[in-house]
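**Q** I'd like to ask some things about the structure below.
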Amino acid sequence: MKTTLLLVEDEEGLADSLQTEFELENMVVIWAKDGIEALNKFHENEAQISLIILDWMLPRLDGFSVLRRIPARSQSSC
Amino acid sequence: MLTARDYIGDKVAGLTGGADDYLTKPFEMEELIARVEVALRHSHPVSQSATVYTTGNLTVDTESKRVSREGDIIPLTQREYELLVALIVNQNEPCSRESLLDTVWGIDFDGQPNILDVYIRNLRAKIDADTNERKLIHTVRGVGYMLSDNVVSR
């Protein structure tokens with residue numbers, strides 16, 4: 001199964017080139033252009049998303065606020 | 001996490017807020033892809049990880065992310081929770097500082113290694129605060145830390 005990333009980036013040009021690069025790495029990219037859209041797309045696609053690339057400075061809701069609203073779910077071992 | 005400026009406050013806030021890593025803009029595409037691959041290697045699918053772990057009267061439910069001691073729910077930050085899970089998965093075995101830093105902060109963590117001690121101190125304040133209860137988090141000199149209900153404190 002392909003890895004799905006949530007890319008949260010408001011600069012459209014940068015988001016475009018990142019999306020192209022990650023697709024070349026055989027990943028699926030879901031793009032959100034601001035913090036609110038990021039949370040919505042995260043909740044819609046939570047089961048598929050393996051990783052989030054989150055810009056810090058974002059319209060509507062900044063990266064830190066997005067981070068705080070996303071629950072912890074990783075498990076680790078020593 | 002992508003920060004637009006090389007400002008330490010943003011990095012600390014992001015890392016303590018739950019980000020695994022950060023990169024300052026502008027960055028090289030190859031570096032971002034390499035870091036993404038490392039982060040993916042560190043992650044585990046949710047489905048295989050939902051388990052309840054217990055040590056003494058401490059319970060960690062990795063499905064609900066609920067931590068309790070003697071039935072009392074203990075609120076933890078995300079990093080504190082991840083550190084506790086790393087310890088409880090390996091309970092009764094010493095966890096080296098390096099493995100805990102790698103597991104919880106990521107293999108390319110380049111911050112201060114004493115961040116581990118800060119988080120252990122916070123965890124102790126929440127988990128081992130009750131002096132009537134047996135202490136569960138133990139320092140293993142020269143190695144790191146261990147979670148165990150079988151160590152008699154002196």
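Read the figures in this text as sums done on the coordinates, not as results from a lab. Quantities reported herein were computed from a predicted structural model and do not represent experimental measurements. Reconstructed Cβ throughout: ideal geometry from the backbone, glycine too, with neighbour counts over all protein chains shown.
**Q** Give region A:41-65 a look and list any residue that's aliphatic (A, V, I, L, M) and assigned to a loop (DSSP other than H, G, I, E, B), or say none.
**A** A:ALA47, A:MET57, A:LEU58, A:LEU61
**Q** Please count how many residues of region A:1-19 are part of a helix (DSSP H, G or I) and within 9 Å of chain B (Cβ to nearest Cβ).
**A** Total meeting the criteria: 3.
**Q** For region B:135-148, what are the residues that are part of a loop (DSSP other than H, G, I, E, B) and surrounded by 15 or more Cβ atoms within 10 Å (Cβ to Cβ)?
**A** Those that are part of a loop (DSSP other than H, G, I, E, B) and surrounded by 15 or more Cβ atoms within 10 Å (Cβ to Cβ): B:LYS135, B:LEU136, B:SER148.
**Q** One residue is enough: does region B:81-103 have a residue meeting the conditions outside any strand (DSSP E or B), more than 14 Å from chain A (Cβ to nearest Cβ) and within 24 Å of B:VAL36 (Cβ to Cβ)?
**A** Checked region B:81-103: no residue is outside any strand (DSSP E or B), more than 14 Å from chain A (Cβ to nearest Cβ) and within 24 Å of B:VAL36 (Cβ to Cβ).
**Q** Oh, and also: Using beta carbons and a limit of 8 Å, which pairs, at least six apart or on different chains, have the first residue in region B:88-117 and more than 19 Å from B:THR59 (Cα to Cα) and the second one assigned to a helix (DSSP H, G or I) and among the acidic types (Asp, Glu)?
**A** B:THR103/B:GLU82; B:VAL104/B:GLU82; B:PHE109/B:ASP102
**Q** Look through B:ASP110, B:ASP130, B:ASP117 and report the one residue that is assigned to a loop (DSSP other than H, G, I, E, B), within 30 Å of B:ALA34 (Cβ to Cβ) and away from every other protein chain (no Cβ under 14 Å).
**A** B:ASP110
**Q** Are any residues in region B:15-41 surrounded by 14 or more Cβ atoms within 10 Å (Cβ to Cβ) and more than 22 Å from A:THR3 (Cβ to Cβ), and if so, which ones?
**A** B:LEU15, B:THR16, B:GLY17, B:THR24, B:LYS25 - these are the residues of region B:15-41 that are surrounded by 14 or more Cβ atoms within 10 Å (Cβ to Cβ) and more than 22 Å from A:THR3 (Cβ to Cβ).
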